[in-house]
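Down below is the structure, laid out as structure tokens.
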Amino acid sequence: MNIVVLLSGSGSNLQAIINGINAGRIPGQIVKVISNRPAVKGLERARNHNIDTTVIDHTHFSTRIEFDRALKCTIDDCQPDLIVLAGFMRVLSDEFVTHYQGKMLNIHPSLLPKFKGLNTHARAIEANESQHGCSVHFVSAKLDSGAIIGQAGVAIEANDTPETLSNKVQKQEHELYPTCVALFCAGHVKWSLEGVLYKGKPLQKTGLTLSELLT
Ligand code: GRF
């Protein structure tokens, strides 16, 4: 399985996936890492593992569609089986998303469908939630609304700040994302028009928990 990873920043999820591949947990290889921002830590992490990198700076394009088309050309040159969004902070056009339907994953820092969009940790605290977490889902045209493969939860404690909560959620992300990528690469997780199929059976709307995915 050839994987292309798109990111915009630190790349800690990229690192977790690289570690999963190196540990033999993920039957695939990362053929390229693409960033829309130059000089981010995620690119450095890729280079440290001799992974090919490309920067496609969105500020050099006057429209979203032109940027998306350049991105699509670079991705398609790699003939990927899977595209992994790992902190890629760009809204993608419908044309782009449709082109990769069923083979593009994203990780979002909330228990979807709650808290789509930005600032999820602060919003979860503000809403007095007792549980928060992260979700891995197939990417669909509607933001943060694609079919969910799995979720990992954390408890929100009285003294949590957006920062402490973010750290707790990221620890879960680093377990959940490689696990979902491994299941996709092994052919156990598939996208269908009706939703996610896990080992051939349809999943409920919120996917599986991390412990269910690990068994
Ligand atoms: C993660 O928190 C993820 O949920 C969100 O962007 C962040 C990326 O972090 N989509 P990193 O670049 O992988 O460290």
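Taken together, the values in this text are just the output of simple stated rules run on the coordinates, not laboratory data. Since the model is a prediction, treat every value here as computed from it, not as a measurement. Cβ atoms come from the backbone with ideal geometry, glycine included; neighbour counts cover every protein chain shown.
Nearest 5 percent is fine: what portion of the DSSP beta bridges confined to the chain is antiparallel?
Roughly 50 percent of the DSSP beta bridges within the chain come out antiparallel.
Can you tell me the order of 50-63, 21-34, 135-148 when each peptide is scored by its average per-residue count of other Cβ atoms within 10 angstrom, highest first?
Packing order, densest peptide first, comes out as 135-148, 21-34, 50-63.
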task: Sum up the charges of everything whose Cβ sits under 15 Å from the Cβ of Leu208, counting Lys and Arg as +1 and Asp and Glu as -1, but leave Leu208 out.
output: +2
query: Put +1 on the Cβ of every Lys and Arg and -1 on every Asp and Glu Cβ in the chain; which of Gln172, Ile148, Trp191 then has its Cα farthest towards the positive end of the dipole?
result: Trp191
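Taking every DSSP beta bridge that has both residues in the range 94-215, what percent is antiparallel when rounded to the nearest 5? Each step should come with its number before you reach the end.
Details: 17 of 19 bridges.
Here the antiparallel bridges make up roughly 90 percent for the range 94-215.
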query: How many nm separate the modelled label positions at Ala127 and His49, each set 7 Å beyond the Cα in the direction of the Cβ?
result: 3.2
field: Rough spin-label spacing in nm, given labels placed 7 Å along Cα→Cβ, for Lys72 and Glu194
entry: 3.0
query: Given q = 0.16, 0.18 Å⁻¹, what are the Debye log10 I(q)/I(0) values for the chain, with equal point scatterers placed on the Cα positions and solvent ignored?
result: -1.10, -1.38
query: Highest mean first, what order results for 97-110, 150-163 on Cβ atoms within 10 Å?
result: 97-110, 150-163
message: Whole angstrom only: what separates the Cα centroid of the range 15-85 from the Cα centroid of the range 100-147?
response: 21
